[in-house]
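Below you will find the structure I want to go over with you.
Laboratory data are not the source of any read-out in this text; all were calculated from the coordinates shown. This structure is a prediction, so every number in the text was calculated from the model and none was measured. Ideal geometry is used to build each Cβ from the backbone, glycine not excepted, and the neighbour counts take in all protein chains shown.
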Amino acid sequence: MRKSFDEVLKYTDYALDIIKKQTMNDEESKAFTKEIVHNFDTHINPGFLEYRKAAGEDFTVMEWMANGDVFTDLHGNEYIDCLGGFGVFNCGHRHPKVVEAVKDQLAKQPLSSAELIDANRSLLARILADVTPGDLQFSFFTSSGTETVECALKMAALATGRHHFIAFEGDFHGKTAGSLSMTAKAHFRQPFLPLLQGTRHCKFGDLDMLRKMVEVMDYVGERPAAIIFEPIQGENGIQIPPDDFIPGIRKICDEYDIMMIADEVQAGMGRTGTLFAIDYYNVAPDILCLAKSLSGGVIPVSATVCTKRAFEGMFPDPLLHSTTTGGNPIATAAAIAAINVLLSEDLPGRAKRAGGMFMAGLEKIRAKYPKLMTDVRGRGLFIAMEFVDGDKGYEVVYEMFNRHVLVSGSLINAKTIRIEPPLMISDEHIEKALKVIDESCAVVYKSM
Ligand SMILES: Cc1ncc(COP(=O)(O)O)c(C=O)c1O
């Protein structure tokens, strides 16, 4: 209900004081937690409190500070972050180089006029053209993963003059109308159908089916504008396709002049042991979607990186697709610093080595609890533990959280728990996390 401006002003003063605060004593933190829970219940969504059960019955775990591969709750307890913001924190939390670049830009001009020519956007676009595979050359900047997918779909339609798309079963591409059309779980799509017309879903990894689907679509006059895919499916529980799948998509796209869209919102930026997941296959897409860790874990930014052919439909009217704050100066400063960190610290190489260490440890744990943990798979630090069912997986997550290691389930595949830590996670924290997984599995195994 509307309050007087004086009352609102008072509350904003109080909130600003909180933002300034570094720590709270026990009494303050208890009262503050109660207030935040109330605000969530009343103004965010009461369902969240139920959903966040892993945070303990009384929801007292409120994240407050973070550094490197660790975050701290309001009470000062430390947690190892093996979730990494679902792929946001590849550079870790508050990497000094990213923070410095953002502060430098903040001191000059945080947001631009959105009318004149601004520097950072062009610097980042040039850097992306230089680090991405193939002939990717032009970038359109936004703030979230789903927006990069929306842009990619529109660019493909514009470039080809066609309006049909193929995505894959188990894919996750976001939840706005266009990207949700590509996302492949009924639970998220059904309440909002019909979505984008002319979207088909094919079995992930099945090249024969894909070829037949394209042949038939072409035959009936519905040749796709694009085939969109995740090189490794993240929300579907780290599903790695057969080695010939992605080169096979490229071949079909070339034969039929279809745009190949690689969605690396989650798998990209070093996570799988190469800068981009698609690098593993030595294949270049026509359109590459980047988000999450492009922000350096500091301020959101996303990019749709395209070939000239995919983007030139935008040349006559650059405002045909636009967003006011996408690619703003502080966000692009963060992304430039993030790429600098990834390359200068060889974080893809670190992901490969650390991923090997994690996987070896997990395999040993799986062998101890075969009826509980049924599979371990991954590439680099993009790892899944698969459990016998979703409930058992959740119990393991709960036990792990009580031992101060954060992991999470997957949106599309409830049986898998993902391990996606910052790429600079220390060996010591990997060993500790493995010990916690072992202990947690032992507790759940005993109750089976
Ligand atoms: C592969 C992929 N694409 C797109 C998205 C959507 O990104 P966002 O949540 O930033 O909109 C996600 C989010 O998890 C993703 O994993």
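According to a simple spin-label model (label point 7 Å from Cα along Cα-to-Cβ), what is the distance in nm between Lys3 and Lys368?
Distance between label points: 5.1 nm.
Magnitude of the Cβ-charge dipole of the range 359-448, K/R +1 and D/E -1, about the Cα centre, nearest 20 debye?
For the range 359-448, the charge dipole is close to 180 debye.
State the number of lysine pairs found in the range 276-399 whose Cα atoms come within less than 27 Å, restricting to pairs 8 or more positions apart or on distinct chains.
Within the range 276-399, the lysine pair count is 7.
How large is the dipole of the range 282-386 about the Cα centre if only Lys and Arg carry +1 and Asp and Glu carry -1, each at its Cβ, rounded to the nearest 20 debye?
Charge dipole of the range 282-386: 620 debye, to the nearest 20.
For Gly327, list long-range residues whose amide hydrogen, built 1.01 Å from N in the peptide plane, is under 5 Å from its own amide hydrogen.
Thr142, Ser302
May I ask you to give the average projected area over all directions of the convex hull of the Cα atoms of the range 78-147, in nm² rounded to one decimal?
Numbers: hull surface 28.0 nm².
Here the figure is 7.0 nm², rounded to one decimal.
Still on this structure: Take the Cα pairs of the range 294-448, get the Kirkwood Rh, then feed it into Stokes-Einstein at 4 °C and 1.567 mPa s and tell me D in µm²/s. Provide the component values of the computation, followed by the final result.
On the way: Rh = 18.0 Å.
Rounded, D is 72 µm²/s.
Ordered by residue, what ³J(HN,Hα) values in Hz, to whole numbers, does the range 409-420 give under the Karplus form 6.51 cos²θ - 1.76 cosθ + 1.60, where θ = phi - 60° and Gly and Pro are x?
x, 10, 5, 9, 10, 5, 7, 10, 10, 8, 10, 9
Counting pairs of alpha carbon atoms under 8 Å apart in space and at least six apart in sequence, what relative contact order in percent does the chain give?
For the chain, the relative contact order is 20 percent.
If we restrict to alpha carbons, what Rg and Dmax does the chain come to, in Å?
Radius of gyration, then largest Cα-Cα span, for the chain: 22.5, 70 Å.
At what distance in angstrom do the alpha carbon centres of the range 325-370 and the range 250-278 lie from each other?
18 Å
How large is the helix-only mean residue ellipticity at 222 nm for the chain, computed as the sum of -39500 (n - 2.57) over DSSP H runs with n ≥ 4, divided by its residue count, in deg cm²/dmol to the nearest 500?
Values: 16 runs with 190 residues, N = 448.
It lands at -13000 deg cm²/dmol.
Provide the packing ranking of 30-36, 61-67, i.e. peptides ordered by the mean count of other C-beta atoms within 10 Å per residue, highest first.
61-67, 30-36
Taking the Cα centre of the chain as origin and charging only Cβ (+1 Lys, Arg; -1 Asp, Glu), how large is the dipole, in debye to the nearest 20?
300 debye
Between the range 117-150 and the range 13-51, what is the separation of their alpha carbon centroids in Å?
37 Å
With unit charges on the beta carbon (Lys/Arg positive, Asp/Glu negative), name the residue among Cys289, Pro241, Val61 whose Cα is farthest towards the positive pole of the charge dipole of the chain.
After comparing all options, I get Pro241.
For the range 96-344, what size does the Cα cloud have along each of its three principal axes, sorted from largest down, in whole Å?
56, 38, 37
Beyond 11 Å, what percent of the Cα pairs of the range 301-347 remain?
Above the 11 Å cut-off, the range 301-347 has 74 percent of its Cα pairs.
Please list, in order along the range 423-431, the HN-Hα scalar couplings obtained from phi with the Karplus expression 6.51 cos²θ - 1.76 cosθ + 1.60 (θ = phi - 60°), rounded to whole Hz, x for Gly and Pro.
5, 8, 3, 6, 4, 4, 6, 5, 4
Could you give the nm distance between label points at Val99 and Met357, where each point is 7 Å from its Cα heading toward the beta carbon?
It works out to 2.3 nm between the two label points.
Among Thr332, Pro194, Ala303, which residue has its Cα positioned farthest towards the positive end of the charge dipole of the range 96-344, with +1 placed on the Cβ of Lys and Arg, -1 on the Cβ of Asp and Glu, and the dipole taken about the Cα centre?
The Cα lying farthest towards the positive end belongs to Thr332.
Around Met24, under 15 Å between beta carbons, what's the net of Lys plus Arg minus Asp minus Glu among the other residues?
That sum, taken over residues with Cβ under 15 Å, equals -3.
Which one, Phe141, Val99, Met259, is farthest towards the positive end of the dipole of the chain when Lys and Arg carry +1 and Asp and Glu -1 on their Cβ?
Ranked along the dipole, the leading option is Met259.
Also: Take His163 and Asp244, extend 7 Å from each Cα along the Cα→Cβ direction, and tell me the distance between the two endpoints in nm.
Result for the modelled spin labels: 3.6 nm.
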